[in-house]
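For reference, the structure is listed below as structure tokens.
The values are calculated or read from the model by the stated rules, or taken from the named source; none is laboratory data. Values in this document were obtained by computation on a predicted structure and should not be read as measured data. Neighbour counts are summed over all protein chains in view; Cβ atoms, including those assigned to glycine, are modelled from backbone coordinates with ideal geometry. Accessible surface is based on the protein model in full, side chains and every heavy atom, while ligands, DNA and RNA are left aside. Shrake-Rupley method; radii C 1.70, N 1.55, O 1.52, S 1.80 Å.
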Amino acid sequence: MDFTEHDSLAEFRKAATAWADEHVDPAWVDLEHTTGTHHNPELHALLGAQGLLGAGWPAQYGGTDVDPAYALAVFQEIGARGLRMDGWVTTEMVARTILHVATEEAKQEIVPAALRGEVVIVLGYTEPGSGSDVAAAKMRAVRDGDEWVVNGSKMFTSTAHMATHVFLLTRTNTEVSKHKGLTLLLARLDDPGVEVQPVHTLGGQRTNATFYSDVRVPDTLRIGDVDGGWGVMRVALVHERGTATAPGGPTLVEQVAAWARSAPGADGAPLLDDPTVAEQLARLAIDEEVGRLLGLKVRWVASTGGMPGIEGSMQKLHSSEAEQRRVDVLTDLLGEQALLAGDAGPLHGAVEWALRKAPVSTIYGGSSEVMREIVAERRLGLPRSRPIG
Amino acid sequence: MDLSLTEDQQALRGSVAELFEKQATPERVRAAEAVGHDAALWRVLVQSGIPTMGVAEELGGGGATVSDLVVVAIEAGRRVAPVVLPEVLTAAALLAGPAAGADLLAGVGEGTVLPTVALRPLRDGTAGPVAGAAVADVVVALDGEELVVLSRREGVAVEPLPDLGGAAIAEVSTAVWSQRLVLATGDEARRAHADAVSLWRVLTAAALEGLRQEALRIGVDYVKDRHAFGVPIAWFQTVQHRLADLATAGDGAELLVHEAAWARDAGSVKAAALARMALLFAGETAFATAAASLHFHGGYGYTLEYDIQLYYRRAKAWQLALGAPRYELRALAADLFAGEAA
Ligand SMILES: Cc1cc2nc3c(=O)[nH]c(=O)nc-3n(C[C@H](O)[C@H](O)[C@H](O)COP(=O)(O)OP(=O)(O)OC[C@H]3O[C@@H](n4cnc5c(N)ncnc54)[C@H](O)[C@@H]3O)c2cc1C
């Protein structure tokens, strides 16, 4: 047992801060808030051009010699400054899946360009009629020579308005059971048959509904076997869960604790002097440490060549449920101050905003119920409770 | 970062797991409940060098790291072994510090001295209920400015107190424990005691973690086997989801226990805070798991015949030996949040 992972990161922390001071425009944070777009094309292009996106990837597919620990430190620093990199997060998931399952031609066409920051890929799994039951997708893809012709619609196609490609879960066979007729295609979003409509959310994030009529995808951009899409999804979903790197900098609990050291409570004394406040914050700190450790385990399993499917589900389940416990406690702790948004509130309204965005964490990326089923079936060996179909 | 046990630790785990499985069967656990101590098991532990395994080799101990001790405590916890192992290991660590403890430490190694530790400092001559004190020969305690070893005069008996977890509890007061040997004084005494209690937190967290793993296994096996409405109760989603939540928290507890041990071995500045976190979270998770596991046994879980009640009671009892968790939480908040400048 050796939990020293932060030492190599610590070395790079200073360099990462310097990088962000030089390159990150503070106005980008406001831009992200007003647009709800969790992707900054300027930043993304820069990260690609400087080889940060390609850190740690195989050289034959465009990997660079930038140290992955340095790249991680930079990403965490970007997160600490309040910017999200959803475009890279989804691109990375799909690129990893491509390396696992796609043809050499597809790997060469997509992965190096993705690592240079030129290709941005978003996820097209969810449809208006299917989310948790992702294998129930109805989007049709029909073969026409060397191409596939795609018709249907996708819901919650986040970042599609900023991306070049969408990773589409399509139905290529209606004669077989639902898991057996699926195929993944990588479609271009600038195809004239694609329409992207904004969808606005409680946490401020803009996502999209996307519509596809006779969109053509070359067979070379089919990812995995025809009708073998469920196997591809199992790989892709593992890359989705538990892989999120926490932003660097103080956590929300640490920020509130620092604030509570001087902010007066109802009796005029600092809030942190109130033992019930101290107890609640300590409890939340334990939750955060547990979440951090579960994330460490995911990375450790992955780094030793394993597929952290169960561990990733556990991490996702724990951290999303913990987030909701946390915002509930923190808003109550701040009382009337928690009502104030933006610069009107303490910590620039971080707690008010946290309450708005918390609900989504247990829904997207596989809901808590779906995560629990994975843990119940695969870790505990309990029987499948869902209807088979 | 390497989250796996070393080869030596795996071997250690294998041998202690076998030892406790054979020597701490549910029958033996039940038989020892009234006294809270299984003397035959204790002798086997002494033969294996376990009571002093954390003591430096120069002092006649096994030179084990805290991470190694955690491996042993997890296996003891898994079988709810009827010995107060965290207390014994902690007391041995305290005796190993000052020269004055040397003879007693040798006695612990030979099995002639059974030690325990008073986790709370004496106040007005009493430390309140102390686990192991009903069977111990000596109690290491902090009394004001002094770290002392308390013992009884020839012929003075202790009164065992009936308790929740069968932990050989007795009140430790200087009226009964009237003989004292001073190990250290002043800051040195306070520091040694605080550090030992921190070690106890890690070891007790480890024991709770072993208990938790077995409580979960018992529950999972039961729900796969028991049928209702024509299906195994494991088929019901509410059963599955509660067990999945507990398994998830359990992975977290396991990691936190190992991290706390690692932090002590590495001399990390976070060691004290992580020890508190480990105890609080391992305790909470162990109790939630044992309680759910008992619940999913239905009425049978409430009978004394099934083993899960043994786990349910100890899951709460082991942690509370230190006192109410709210004090731990407040102290943790001070560790974490008070240090930095406002
Ligand atoms: C902001 C946002 C961004 C998103 N981004 C993307 C994206 O980029 N790409 C993409 O493809 N998708 C995206 N999603 C979609 C997301 O993955 C789905 O919302 C999610 O999978 C749930 O599907 P659903 O919304 O259809 O809910 P449903 O599947 O209808 O679920 C409704 C409720 O039923 C519960 N439920 C479902 N099945 C079970 C079961 N077996 N047992 C018990 N309870 C069950 C769920 O847990 C949930 O609480 C995004 C969603 C949001 C909100």
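Structure above, values below:
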item: Probe 1.4 Å, all protein chains present, accessible-area order of B:K224, A:K178, largest first; result: B:K224, A:K178
item: Pairs of Lys in chain A closer than 17 Å at Cα, counting only those 8 or more apart or on different chains; result: 5
item: Most to least accessible of A:D133, B:D124 (protein chains only, probe 1.4 Å); result: B:D124, A:D133
item: Accessible area (Å², per residue) of the range A:122-229, counting only protein heavy atoms and a probe of 1.4 Å; result: 42 Å²
item: Label-point gap, in nm, between A:D21 and A:H348 - each point 7 angstrom along Cα→Cβ; result: 1.8 nm
item: Per-residue average of Cβ from other chains inside 10 Å of B:272-281; result: 3
item: 20 Å binning of all Cα-Cα separations within the protein assembly as shown, expressed as whole percents from 0 upward; result: 16, 43, 31, 10, 1
item: FRET efficiency estimate (nearest 0.05) - Cβ-Cβ, B:R217 to B:E154, R0 35 angstrom; result: 0.15
item: The range A:182-278: proportion of alpha-carbon pairs further apart than 23 angstrom, %; result: 62 percent
item: Accessible area of B:E145 in the full protein assembly, 1.4 Å probe (Å², nearest 10); result: 100 Å²
item: Protein accessible surface hidden between B and A, which excludes ligands and nucleic acids, total in Å², probe 1.4 Å; result: 4200 Å²
item: The range A:277-313 and the range B:30-92: distance between their alpha carbon centers, rounded to Å; result: 30 Å
item: Taking the range A:177-282 and dividing mean pair separation by its residue count, relative contact order in percent (alpha carbons under 8 Å, at least six apart); result: 23 percent
item: Inter-chain shielding of B:254-260 (mean C-beta neighbours from other protein chains, 10 Å cut-off); result: 4
item: Equivalent ellipsoid, the range B:296-342 (semi-axes from 5 times Cα gyration tensor eigenvalues, Å); result: 38, 10, 6
item: Between helix A:6-23 and chain A: long-axis angle, C-alpha atoms, 0 to 90°, nearest 10; result: 80 degrees
item: Listed residues B:V223, A:Y125, B:G61: farthest to the positive end of the dipole of the protein assembly as shown (Cβ charges); result: B:V223
item: Cα convex hull volume per residue for the range A:99-186 (Å³); result: 115 Å³
item: Principal semi-axes in Å for chain A [√(5λ), Cα gyration tensor, largest first]; result: 37, 24, 21
item: Debye log10 I(q)/I(0) for the range B:37-157, one point scatterer per Cα, at q = 0.18 Å⁻¹; result: -0.95
item: Nearest-20 debye value, chain A charge dipole, Cβ charges on Lys, Arg, Asp, Glu; result: 1220 debye
item: Angle between chain B longest axis and helix B:186-225 axis [Cα atoms, degrees, rounded to 10]; result: 20 degrees
item: Three-way shape call for the range A:10-117 based on the alpha-carbon gyration tensor, with the a/c threshold at 1.5; result: oblate
item: Positions from the range A:353-389 whose accessible area shrinks by 50 Å² or more when the full protein complex is built, not the chain alone, probe 1.4 Å; result: A:R372, A:L380, A:L382, A:P383, A:S385
item: Alpha-carbon centroids, the range B:124-172 and the range B:108-123: separation in whole Å; result: 8 Å
item: Efficiency of FRET between A:R206 and B:R13 - r from beta-carbon atoms, R0 45 angstrom, step 0.05; result: 0.30
item: Computed E for A:D67/A:K138 - FRET, C-beta separation, R0 35 angstrom, nearest 0.05; result: 0.20
item: Rounded tilt (10° steps) of A:104-115 against the dominant C-alpha axis of chain A; result: 30 degrees
item: Expected 222 nm ellipticity per residue - DSSP helices of 4 or more, -39500 (n - 2.57), all of chain A, to 500; result: -14000 deg cm²/dmol
item: Fully extended contour minus Cα-Cα distance, from B:Y327 to B:D187, at 0.36 nm per residue; result: 48.2 nm
item: Leading residue at positive end of dipole, the range A:203-355 (Cβ point charges), from A:V277, A:Q315, A:V301; result: A:V301
item: Charge-dipole axis of the range A:250-378 as Lys and Arg at +1 and Asp and Glu at -1 on Cβ define it, positive-most pick from A:Q324, A:A266, A:H348; result: A:Q324
item: Average Cα contact separation per residue, chain B, under 8 Å, 6 or more apart, as relative contact order %; result: 16 percent
item: The range A:230-371, dipole about Cα centre (Lys/Arg Cβ +1, Asp/Glu Cβ -1), debye to the nearest 20; result: 780 debye
item: Chain lengthening between B:V35 and B:T6 when straightened (0.36 nm per residue, less Cα-Cα); result: 6.8 nm
item: Ranked order, A:M307, A:M1 - accessible area, probe 1.4 Å, largest first; result: A:M307, A:M1
item: Rough spin-label spacing in nm, given labels placed 7 Å along Cα→Cβ, for B:S48 and B:Y302; result: 3.7 nm
item: Computed magnitude of the charge dipole of the protein assembly as shown (debye, nearest 20; Cβ of K, R +1, Cβ of D, E -1); result: 1780 debye
item: Relative contact order [Cα under 8 Å, 6+ residues apart], chain A, whole percent; result: 13 percent
item: Residue mean of other protein chain beta carbons inside 10 Å, A:109-120; result: 0
item: In nm, spacing of pseudo-spin labels at A:R234 and A:T220 (7 Å Cα→C-beta vector); result: 3.0 nm
item: Difference of contour (0.36 nm per residue) and Cα-Cα distance, A:E42 to A:S177; result: 44.2 nm
